[in-house]
Amino acid sequence: MYDHGFKFSTPKRGFTEADVYEVKYQYLPNDTGTKEYAKTYTYFEGIMDDYTELGGKFMLETEAYELIYDNQSNTVKGVKARSYDGKEYEIYADAIVLATGGFAGNVEMETKYFSNEYYPLNGEWKQYGMHQNDGKMIANAIDIGAGTYNIGMPPMVHVAGTPSFLTDYAKNELPGVIGRMTGRTSVWTPGDIPLNMVIAKNSLAINRDGKRFTSETGVGMLDPWKSGANYYSIWSNDQVQKIKENGFSIASEGPGTSYLGHQTAIPANIPLPETDEVLQSAIDAGFVYKADTIAELAKLISVDPAALEETVTTYNSYCQSGQDLDFRKPAEFLVEVGKGPYYAVVGTPYCYSTCGGLNINENFNVLMTDGKTPVNNLYAVGTDSMGVLFTEKKPYVTFGGAAQGWSFTSGYLAGEIIAEKVLGK
C-alpha cells in the first residue's frame, strides 16, 4: 500500500452477522465482476515492474520440481526446474522459498494425508482453482526429511456443486444483471438444474453413511466439507415434477451458482419443462442416480439401505412437524420427500486449496521431522506452511480470508528475514 500503489477498501466484516471482527479487505475498485475490477491487475503489474527494476528476474512457466539438497550439511542449495518448452535448469541460491499453493492438485497426497480420524476426509477432492498446485515440492521436502504440521486438516471449502456440468441447453439472459465472476450479462440454463438441486436449502442432503451431516441451508456454502469429498441430495418424483411445472420455489443463490456451471442461479418460479430430459442427461453423465425405491437408490450410491430409509423417514417427520430436531433447519425449508421414483444428485465440495503443510519455525525456516532442526536455506510460506495456524481437529475458518492473510503476512515477513540473512542488512 505504501510503496507499490496497492489500494484497498476500508475493513469490512466477513460473510455472516456472526463475524464480529472487521478483517475483510477488498481491492479497489470494489466492484467484483465488472471491467473496472480488472484494473486491480495493474497493482500486480506494477510490483513486478518494481522488482525487475531492482534486478529481480521472473521465469514464468518454469516449474521447480526437485530440491538440490546436500545431505551432509543439511542444506538446500537450489532447485532443478523445467520450462514450458522442456529446457532444464539448475538454479542455485542462498535461500529457497516454497510458495507453491499446497497440494489440492495431487490425489495421491490427498489420499495419503487426509484421514478419517476427526472428519470423513479421505478420498479425492474436487478443486476450484489452480490445478498446478500439485504439492510436488512439499513432497520433495518431506523426502529429504522435512516435517509436517497439521498436514491432514480439512481443506478450505466454501462452495459445493455437482462434479460436472451439462452445456447442451439453451441459455437465457437476465438483462441488466452482471455476472459476479464473468463481468458479462448473467445467463442461466436448464442444464444447471442438477447444480441448483444439489445446493437447494429445501432439499435433503446425506453423507456416504446415508445420514444428514448439517442443515441443508449450509450445504451451498461453508458446511459441505462435513460430508467428506462428496454427498448426495435426495429428491422424490413429486419434488421433481414441481420443478418441472412451477420451477424452483427458492433460487439457489450463492457461491455454488456464482462460481460453477453457468455462474447464475436459475430464477425462482420459472417452469422448467426440460427437467426430466436434463436429469436423464445427468444420469447418463454419471452424477445423478434414479431408482423406484429408497432402498434401491441406496444400493446405487453404495449407501446402507436401512440407514437411508431411516434418514428419509426421520426427515419427513420433521417436515410434518415443522421442527428439525437434528440441525434446526427453519420450517420454511423443510420439504417432505414424497413418492418415487427417487433421485440422488451427487454433491461435491470444491476446495480452494489445502491448509496443512510443512513445519516451520518463527523465521519460516522449514524444520526436520524432529520439529527443531532447520533445513538450511529452505523456507515455506502461504499454504505450504499454513498448518502452523490450525489444528486437524477443526475446519478452516468459516469467515474466509485466512489463507490470503497468511499468504501476505508470511511472504512479507519471510522476505524481510531472508533479505537480512542473505544481505546482512
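The values are calculated or read from the model by the stated rules, or taken from the named source; none is laboratory data. On a predicted model such as this, the values are computed, not experimentally measured, just so you know. Please note: Cβ atoms are built from the backbone with ideal geometry, for glycine as well, and neighbour counts cover all protein chains shown.
Mind counting the residues in segment 60-78 that are touching a residue at least 24 places away in the same chain (Cβ under 8 Å) and either outside the structural domain of VAL375 (by TED's automatic domain parsing) or not in a loop (DSSP other than H, G, I, E, B) (or both)?
Taking segment 60-78 as the starting set, the residues that turn out to be touching a residue at least 24 places away in the same chain (Cβ under 8 Å) are 62-69, 71, 73-77.
If we keep only those that are either outside the structural domain of VAL375 (by TED's automatic domain parsing) or not in a loop (DSSP other than H, G, I, E, B) (or both) too, we end up with 62-69, 75-77.
Final tally of qualifying residues: 11.
Table: residues versus (1) in contact with a helix residue (DSSP H, G or I) (Cβ under 6 Å, 6 or more places away or on another chain); (2) surrounded by fewer than 21 Cβ atoms within 10 Å (Cβ to Cβ).
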residue	(1), (2)
ILE266	yes, no
THR275	yes, yes
GLN280	no, yes
ILE283	no, yes
ALA291	yes, yes
ILE294	yes, no
ALA298	yes, no
What number of residues in segment 242-292 are in a loop (DSSP other than H, G, I, E, B), under 25 Å from the mean Cα position of the chain (by Cα) and of a type in the set (A, V, I, L, M, F, W, C)? 6
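Take the conditions closer than 21 Å to PHE114 by Cβ and either surrounded by 14 or more Cβ atoms within 10 Å (Cβ to Cβ) or of a type in the set (Phe, Trp, Tyr) (or both) and apply them to GLY415. Does it pass?
Numbers: closer than 21 Å to PHE114 by Cβ: no; either surrounded by 14 or more Cβ atoms within 10 Å (Cβ to Cβ) or of a type in the set (Phe, Trp, Tyr) (or both): yes.
Here the answer is no, as GLY415 does not meet what is asked.
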Hits in segment 314-328 - residues which are in contact with a Lys or Arg (Cβ under 8 Å, 6 or more places away or on another chain) and either in a loop (DSSP other than H, G, I, E, B) or on the phi > 0 side of the Ramachandran plot (or both): ASP326, PHE327
Go through segment 65-122 and give me each residue that's crowded, with 20+ Cβ neighbours inside 10 Å and of a type in the set (A, V, I, L, M, F, W, C). LEU67, VAL76, VAL79, ILE96, VAL97, LEU98, PHE103, ALA104, MET109, PHE114, LEU121
Would you tally the residues in segment 322-351 being in contact with a Leu (Cβ under 6 Å, 6 or more places away or on another chain) and exposed (fewer than 14 other Cβ atoms within 10 Å of the Cβ)? 0
All positions within segment 298-313 that are hydrophobic (A, V, I, L, M, F, W, C), assigned to a helix (DSSP H, G or I) and under 28 Å from the mean Cα position of the chain (by Cα): ALA298, LEU300, LEU308
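Residue under question is GLU124, and the condition is that it be at pLDDT below 95 and touching an Asp or Glu at 6+ places or on another chain (Cβ under 7 Å); does it hold? Give the steps one after another, and end with the answer.
Details: at pLDDT below 95: yes; touching an Asp or Glu at 6+ places or on another chain (Cβ under 7 Å): yes.
Yes; evaluated as a whole, the condition is true for this residue.
Count, please, the residues in segment 82-102 that happen to be within 24 Å of LEU367 (Cβ to Cβ) and either touching a Lys or Arg at 6+ places or on another chain (Cβ under 6 Å) or aliphatic (A, V, I, L, M) (or both). So that I can check it myself, show each step before the final result.
Within segment 82-102, the first condition is being within 24 Å of LEU367 (Cβ to Cβ), and the residues that meet it are 91-102.
Okay, now just the ones that are also either touching a Lys or Arg at 6+ places or on another chain (Cβ under 6 Å) or aliphatic (A, V, I, L, M) (or both), so 91-93, 95-99.
The total comes to 8.
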Selection over segment 201-221 where residues are in a loop (DSSP other than H, G, I, E, B), over 14 Å from VAL288 (Cβ atoms) and in contact (Cβ under 8 Å) with a residue 24 or more places away in the chain yields a count of 13
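If you scan segment 110-160, which residues turn out to be aromatic (Phe, Trp, Tyr), touching a Gly at 6+ places or on another chain (Cβ under 8 Å) and in contact (Cβ under 8 Å) with a residue 60 or more places away in the chain? Give the steps one after another, and end with the answer.
Keep residues of segment 110-160 that are aromatic (Phe, Trp, Tyr), which gives 113-114, 118-119, 125, 128, 149.
Still in the running and touching a Gly at 6+ places or on another chain (Cβ under 8 Å): 113-114, 119, 149.
Passing the criteria: TYR113, TYR119, TYR149.
Matching residues to (1) assigned to a helix (DSSP H, G or I); (2) touching a Pro at 6+ places or on another chain (Cβ under 7 Å); (3) of a type outside the set (A, V, I, L, M, F, W, C); (4) at pLDDT below 70:
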| site | (1), (2), (3), (4) |
| --- | --- |
| GLY14 | no, no, yes, yes |
| GLU17 | no, no, yes, yes |
| ASN30 | no, no, yes, yes |
| TYR41 | yes, no, yes, no |
| PHE44 | yes, no, no, no |
| ASP50 | yes, no, yes, no |
| GLY55 | no, no, yes, no |
